[in-house]
Every structure is written in C-alpha cells, then in structure tokens.
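**Q** Dumping the structure here so I can ask a few things about it.
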Amino acid sequence: GVLTHGFVLDEQGRKMSQSLGNVIAPQKVIEQNGADILRLWVVSSDYYDDLRIGPEIIKRQADHYRRIRNTLRYLLGALEGFSADEAVRYDEMPELERWVLHRLSVLNKVIVEKTQSYDFHGIFTALHDFCNSELSAFYFDIRKDCLYCDSPDSLERRACRTVMDSTLRCLVSWIAPILCFTADEAWYAYTQDETDSIHLHEYARCDQSWSDAALGEKWGQIREI
C-alpha cells in the first residue's frame, strides 16, 4: 500500500528553505526529543492536506506524548506484583470496572478499523482522549483511594488491578506501531522478559462479553453529569 500526503511546510504554512532558515531536520527533532515524538507528529497530522511542523508543533506533540507515557507509568506502578491468581472474573466485577472493559472493546474495534483505512490521525485522537479523559481524569481518579488504601485481597482492589492489566496490555499493543520504542520499553518493564517484544505480538484481543452498550450509555451520562 502506498500513502501519499501534501507538502511538509513550516508552522506559518511557508515552504521550507535554507534562505528562510525554517528547515526542520528530522535528525534534529530525534536528537532533541526522541524518534517517538517525530512518529507521533506523523500520526497526528492530517495527511489529506499539507503538513506543518515547527518548534511549537513539536512542543505540543511532546505534551501529548507525556500524557500517554504517564498513563503507562501509572499503570505499571499500580500493577506491581500483579499475577493471574489475583484476577477477578468479569461477572464478579463492580460496574465501573465493567465499564472500562466495555470502553476497551469499543476502542479496539475503532483502532482496528482506522488502521485498515489508514486513518492514523483518528487512532491518535482516540488513544489520546482515552488516556487523558477516560483513564487519568476519571477512572484513575476514582480508584486511587481503593488502590492505595484497600486491603490487597479486597474484591474491589483486585478487580481494579485486573482491569488495569487488560488496559495496559491493550494500550501497549495499540501504540506499538506508533510509539515503537516507548511500547517496547513499557512491555519489558511489565514482563521482564528480554526474549519477548511487543512487536512480536498483534493487537490485544478483547473478550466479546466486555461489550455492553447499555452500560456504556449509562456511564456516559454519569460522566456528563
């Protein structure tokens, strides 16, 4: 498959040239920010039009990247010592945990469809909104007291960590084609297996039973309120 895009211009929409001094070299961006920031700029750009790049745009991408990376760091910290013995069955989980699994199942379909249609900008938007709005600002905020204060064998805390395990596995697999170095780093931090790489895996599979439209609508209304 061949994907074509418009010209790459500077932040003001001008053609890059040595005389204007507005050339943005990929090597310079990688040197200062890392390759994953440049890759994130690629997927966040709308390739149907001309693409723009410059210091402020790169700075915004670094902020977006930080939000996704911080989500992974929080999940890794919260899952310290987690094992399959701790896992809670779906039918035993509180409603909030089942809502997160529902959102994972919905997002998985969206990302697979957008990957097949080359809608990389849509993938970036979906992942960024999920990490920033649904996880960090909502689910993590609600469950932090449970994580920090409840007994390790309490059902609610175990259910929370079970869902976080699924969330981490899905997130790392979804970002792997985009933030390839970050995904590899996060996967190794979780598995501690040097022989395994996230790039040897496909997208994480979500159980069909996780999909619950009525539950999704209910919690959507709760979030709006």
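The values are calculated or read from the model by the stated rules, or taken from the named source; none is laboratory data. Predicted model, so just to flag it, every value in this text is computed and none were measured. Ideal geometry is used to build each Cβ from the backbone, glycine not excepted, and the neighbour counts take in all protein chains shown. Accessible surface areas use protein heavy atoms only, side chains included; no ligands, DNA or RNA. Shrake-Rupley method; radii C 1.70, N 1.55, O 1.52, S 1.80 Å.
**Q** Which of Leu200, Leu127, Leu75 moves the most in a Gaussian network model of the chain with Cα springs under 10 Å?
**A** Highest fluctuation among the options: Leu200.
**Q** So for segment 135-205, what percent of the C-alpha to C-alpha distances run longer than 14 Å?
**A** 64
**Q** Okay, moving on. May I have the extent of the alpha carbons of segment 172-222 along their three principal axes, as whole Å values ordered from largest to smallest?
**A** That works out to 42, 19, 19 Å along the principal axes.
**Q** Build a GNM of the chain with springs between Cα atoms under 10 Å: which of Asp63, Asp85, Asp153 gets the top mean-square fluctuation?
**A** Top of the fluctuation ranking is Asp85.
**Q** Which whole number in µm²/s is D for segment 12-78 by Stokes-Einstein, with the Kirkwood Rh taken over Cα pairs at 37 °C and 0.692 mPa s? Numbers along the way, then the final one.
**A** On the way: Rh = 13.3 Å.
Answer from the Stokes-Einstein relation: 246 µm²/s.
**Q** Also: Within segment 187-210, what residues put their amide N at less than 18 Å from the label point 7 Å along the Cα-to-Cβ vector of Ser83?
**A** Taking a point 7 Å out along Cα→Cβ of Ser83, the residues of segment 187-210 whose backbone N falls under 18 Å are 190-193.
**Q** Most mobile of Leu40, Leu155, Leu168 per a Gaussian network model of the chain (Cα springs, under 10 Å)?
**A** Its mean-square fluctuation being the largest, the pick is Leu155.
**Q** What number comes out for accessible area per residue over segment 67-225 if the probe is 1.4 Å? Units Å², please.
**A** Details: 8270 Å² over 159 residues.
Accessible area per residue, segment 67-225: 52 Å².
**Q** To the nearest 20 Debye, how big is the dipole of segment 89-225 about its Cα centre, given +1 on the beta carbon of each Lys and Arg and -1 on that of each Asp and Glu?
**A** Computed charge dipole of segment 89-225: roughly 220 debye.
**Q** Let me ask another. Round to a whole number: what % of the accessible area of segment 1-64 belongs to carbon and sulfur, probe 1.4 Å?
**A** Numbers: 2230 of 4250 Å².
Accessible surface attributable to carbon and sulfur in segment 1-64 totals 52 percent.
**Q** Using the Cα gyration tensor of segment 68-225, with a ≥ b ≥ c the square roots of its eigenvalues, what is the shape: rounded (a/c below 1.5), prolate (a/b larger than b/c) or oblate (neither)?
**A** Details: a/c = 1.64, a/b = 1.13, b/c = 1.46.
Oblate.
**Q** Can you tell me the relative contact order of the chain? Whole percent, Cα pairs under 8 Å, sequence separation 6 or more.
**A** Values: 213 pairs, mean separation 54.9, N = 225.
Normalised by residue count, the contact order of the chain is 24 percent.
**Q** I need the P(r) histogram for segment 1-123: all alpha carbon pairs, bin width 5 Å from 0 out to the longest distance, whole percents.
**A** That works out to 2, 8, 13, 16, 17, 13, 10, 8, 6, 4, 2, 1, 0, 0, in percent per bin.
**Q** Among the lysines, which fall within straight-line cross-link reach of Lys28, defined as a Cα-Cα distance under 26 Å, with same-chain neighbours fewer than 8 residues apart omitted?
**A** Partners found: Lys15, Lys59.
**Q** List the residues, sorted by chain then number, that are 5 or more residues from Arg52 or on another chain and whose placed amide H is less than 5 Å from its amide H.
**A** For Arg52, whose amide H was placed from the backbone, the distant partners under 5 Å are Leu9.
**Q** Based on the Cβ-Cβ distance from Ala35 to Asp207, what FRET efficiency comes out when R0 is 45 Å, to the nearest 0.05? Walk me through the intermediate numbers first.
**A** Values: r = 34 Å, r/R0 = 0.75.
Given R0 = 45 Å and the Cβ-Cβ separation, E is 0.85.
**Q** Let a ≥ b ≥ c be the square roots of the eigenvalues of the Cα gyration tensor of segment 49-117; is it rounded (a/c under 1.5), or, if not, prolate (a/b larger than b/c) or oblate? All intermediate terms of the calculation are to be shown ahead of the outcome.
**A** Working: a/c = 3.42, a/b = 1.72, b/c = 1.99.
Here segment 49-117 falls in the oblate category.
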